[in-house]
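Read the figures in this text as sums done on the coordinates, not as results from a lab. All values reported here derive from a predicted model rather than from experimental measurement. Backbone-built Cβ (ideal geometry, glycine too); neighbour counts: all protein chains shown.
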Amino acid sequence: MGLAEETSLERNFVWQWASGAAVPIVSVILAVLVGAAVVLAVGENPLNAYWQLLRGSFGSWYYFTETVIAAIPLMLAGFAVAFAFRGGLFNIGAEGQLLAGAVASAYVGYKFHVPGIVLVPIAVLAGCLAGALWAGIGGVLKAWRGAHEVITTMMLNYTAILVTSYLVEPGPTGHPGPMEQTIQIGNPETPPMNATLPIIVPNSIVLNNRVHAGLLIALGAGVLVWFLLWRTTLGYKVRAVGLNPRAAAYAGINVKWTVAVTLFISGAFAGLAGMVNLYGLAPYQLTNSFSSGYGFNAIAVALLGRNSVVGVIAAAILFGSLQQGGTIMQANAGTSLHLVEVVQGLIIFFVGADAVVRYLAARGMVKLPGPQRQKAAA
Amino acid sequence: MSIVTASGLWTTLFDANLWQATLRQATPLALAALGGVISERSGVVNIAMEGMMLVGAFFAVFYSVIFANAAIGVVMGMVAGGIMALFLAYGAIHLRADQIVMGVAVNLAALGLTGYLLFNKYGTNGTPQSCFAPPACQKGSVYTIPDYSVPLLHRLPAVGQILFQQSPIVYVMLGLVVLVHIFIFRTTLGLRIRAVGENPRAADTAGINVQAVRYLTVTLSGVLSGLAGAYLSLTVGSFSEGMTSGRGFIALAAMIFGKWTPFGAFGACMLFGFGQALYVDLQNTSGPLQSYSTLVATLPYLLTIVALAGFIGRAIPPAADGQPYDPAAAG
C-alpha cells in the first residue's frame with residue numbers, strides 16, 4: 001500500500017498496464033508448465049517439443065510470417081468476441097459467423113465479374129453482413145425474447161457448420177454441393193475467384209512468404225473496434241449496457257436495441273475473418289474444413305487479451321505461433337499437434353479462473369499490483 | 001416432392017431398423033443430457049459435456065484394451081468423465097470462475113488431450129482391431145460391447161427389434177431416465193439440488209452445503225457423459241479424433257428443449273436421435289432426398305433456438321443457473 005502512494009503518475013500508468021498483463025502472462029506460463037507435465041507423463045521430452053514449437057513459430061522470418069498469417073483470422077474473430085464481451089454478451093458463435101462470412105464472400109467472389117478493386121470491398125461487405133446477420137439472430141432473440149445468447153449462438157455454430165457442409169460437400173454419389181465454387185481444386189468446372197487479396201511483404205524480404213493484405217484489414221478492424229468502443233455514442237451505450245444494463249436503461253439507453261446491435265457488430269468482425277481467410281490464402285477455396293476452430297480459439301484470444309484491442313492482437317499472435325509452431329513441432333519432435341489444444345485449453349482455464357493467479361499472488365509467488373478484476377468475462 | 005420420393009420416405013418410416021437406430025442414436029445423447037439436467041438443476045451450466053464424452057470415449061477404449069474387458073473399459077470411461085468434470089467443478093464452483101469459460105476450456109483441453117494420447121499411444125494407425133469375444137479377440141484388441149437380446153421379448157414383431165435387441169447401455173439409459181426423475185423430484189437430495197439451483201443463498205441459510213451439492217452434481221454429470229462416450233466408442237470398437245462430433249452440444253440442446261426435466265430431455269433426445277437416424281438413412285439412399293440429409297441434421301439446433309425463444313412453450317432455466325455462489329459474500 002505504502003508503495004502505491006509514493007509512485008509517480010507515470011509509474012502508476014506502467015503499474016496499471018502491468019497489472020492488466022500479469023494475469024494473462026502468468027496464465028500462459030502456468031499452461032505451458034502443465035502442458036509440459038502432460039508431455040512428460042506420457043514419456044516424451046517437453047523441452048524438445050517446446051523448443052521445436054518456438055523455433056517453428058519465431059525461429060526464422062519465414063516461420064514468423066506464417067505465425068502472423070495464422071494470427072489474422074484469430075485477431076478478427078477475437079475482436080468479435082471481445083466487442084460482445086464489452087457489451088456484456090458472450091458470443092460463443094464466432095465459428096458459425098466466420099463460416100457465414102466465408103460462404104457469402106465466396107459467392108460474391110465467383111459470381112461477380114468485376115475488377116478486384118471493386119470486388120474486394122463488395123466481398124468485405126458481404127462477409128461482414130452475413131456474419132452480422134448470423135450473430136444478429138442471437139442478438140434479436142436475446143433482446144426481445146430473452147433467449148440466452150450463449151446457447152443460441154452455440155446452436156447457430158453447428159447449424160452453420162452443417163449448412164456449409166451441405167453447400168460445399170459432394171454427396172456420396174459424387175453429386176456436387178450447390179456452390180459450384182467449391183467442387184474441387186484443379187477441376188476446370190470450378191469457377192475461380194475473380195479477385196484475391198495481394199501479398200503485401202515483398203519476396204525479396206521474405207522468400208515465398210504468404211502474408212496477405214488481410215493483415216492490414218485486421219489491423220484496420222482493430223482501430224475501428226477501438227474507435228467504435230471509445231469514441232462513439234454507440235460504443236458508450238455498448239459499454240454502459242455491458243457494465244450495468246439496469247443503470248443504462250435508467251440513463252435512457254435503449255438496452256434491447258443496444259444488445260441486438262452489439263451482437264450484430266460482433267458478428268460482422270467474425271464474418272470478416274472468414275472473408276479474409278478465403279481471399280487471402282491459396283487455393284482461395286471454400287472447403288468443409290475451412291475453419292479449423294478459429295471461432296472457438298477466438299474466445300480464448302479475447303479472454304487472454306482482456307478484451308482490449310492491443311491485448312487481442314498480442315493474444316492472436318501467441319495463438320498463431322502455437323498453431324504454426326505446433327505443426328513444426330509435430331514434424332520435428334514427433335509430438336502431436338494436439339498438445340497445442342491442450343495448452344490452449346489450459347490457458348483459457350487459468351485466465352478464466354484468474355483466482356489461481358491471485359492465489360499465487362497472495363502467497364507472494366507472483367506480484368500483482370492493483371485490485372484485480374474478479375472475472376475475465378462478465 | 002414427387003410421389004416416388006414421398007413413398008420412399010413413407011416406407012422408410014415403417015422400417016424397424018430406423019426406429020432401432022433412433023434409440024441407438026438417442027442413447028449417448030440422453031445419458032449426457034440426464035447429466036446436464038442434474039448439473040443445471042443445481043445451478044451449474046455444463047457446456048463441457050462434449051469434452052467429458054470425448055475423454056470417456058477414449059479411456060473406455062484404452063482400458064478395454066489393457067484389461068481385455070469391455071465392462072472395465074466402460075467403468076474407466078465413466079471415471080475419466082468424472083475426473084474431467086472435477087476440473088469444471090473446481091474452476092466453476094471453487095474458484096467461482098465463469099462457468100461457460102470453464103466449459104470452453106474443458107472442451108478444448110479434452111479435444112487436445114484425447115487427440116494427443118491417441119497419437120502417442122497408437123500412432124497414426126488409430127486404435128487396435130475391435131472384437132466381441134475371445135476367439136476373435138487377441139491380446140491388444142479393443143473388446144467391444146455386444147448387443148444383448150432380451151429372452152423371448154426380442155422375438156416380438158417390430159417392437160422386439162426396436163426395444164429388446166440393443167446394447168446393454170441402452171437398457172441402462174432407459175432405466176436412468178426414470179431413476180434420475182425420481183432422484184431429482186422425489187428424494188431429499190434432489191430437493192436440495194433444486195433448492196441450490198433456484199436460490200443458493202436461501203439453501204445455504206437452510207443449512208445445505210451449496211458447494212458440496214454442486215461438486216456432486218457436476219461430477220455425476222461427468223460420469224454420465226463418460227458413460228455416453230464409452231457407449232459411442234465401445235459400440236463401434238474404436239476411438240477417433242473428435243468422434244463425439246457435437247453430440248455433447250446436441251445433448252445440451254436436448255436438455256433445454258426438454259425444459260430441464262429427465263423425461264423432457266429423453267423425449268428431445270428421441271426426437272434428435274430420430275433426426276440423426278434419418279440422416280444416416282437418407283445418406284445411404286440414392287435420390288433427391290439424399291442431398292438434403294445434411295440439412296436434416298440441423299433440426300436439433302434450430303428447434304432448440306425456437307424453444308429458447310419461447311415460440312413453443314417457454315424454456316426457462318433454474319433461477320440461479322450459471323451463477324457462481326460465494327458463501328462468504330454478504331447476501
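The ranking of A:Glu169, A:Glu341 by Cβ neighbour count inside 10 Å, starting from the fewest, reads A:Glu169, A:Glu341.
Between helix B:70-89 and chain B, what is the angle of the helix's C-alpha long axis to the longest principal axis, kept within 0 to 90° and rounded to the nearest 10? Rounded to the nearest ten degrees, it is 30. Relative to the compact-globule estimate of 2.2 N^0.38 Å, the Cα radius of gyration of region A:17-137 comes out at 1.45. Taken over the protein assembly as shown, the percentage of Cα pairs per 20 Å bin, counting from 0 up to the bin with the maximum distance, is 17, 52, 29, 3, 0.
Values of log10 I(q)/I(0) for chain B across q = 0.08, 0.10, 0.12, 0.14 Å⁻¹ run -0.39, -0.60, -0.85, -1.11, by the Debye formula with one identical scatterer at each alpha carbon and no solvent. Cβ crowding within 10 Å ranks B:Lys121, A:Lys142, A:Lys111, B:Lys259 as A:Lys111, B:Lys121, B:Lys259, A:Lys142, fewest other Cβ atoms first. Projected over all directions and averaged, the alpha-carbon convex hull of region B:28-78 occupies 3.4 nm².
Amide H contacts under 5 Å for B:Ser149: none, restricted to partners 5 or more places along the chain or on a different chain, H placed in the peptide plane at 1.01 Å from N. Neighbour counts of C-beta atoms inside 10 Å place B:Asp204, B:Asp281, B:Asp15, A:Asp354 in the sequence B:Asp15, B:Asp204, B:Asp281, A:Asp354, starting with the fewest. Scanning residues 5 or more positions from B:Ser130 or on other chains, those with amide H under 5 Å from its amide H are B:Val142, with H placed 1.01 Å from N in the peptide plane. Working note: 222 nm ellipticity from helices only, DSSP H runs with n ≥ 4, each -39,500 (n - 2.57), summed and divided by the residues of the protein assembly as shown, gives -22500 deg cm²/dmol to the nearest 500. Taking the Kirkwood radius as Rh and the Cα radius of gyration as Rg, region A:219-334 has a ratio of Rg/Rh equal to 1.07. For region B:199-294, the average shadow cast by the Cα convex hull is 8.5 nm², which is a quarter of the hull's surface. Directionally averaged projected area (region B:1-110, Cα convex hull): 10.3 nm².
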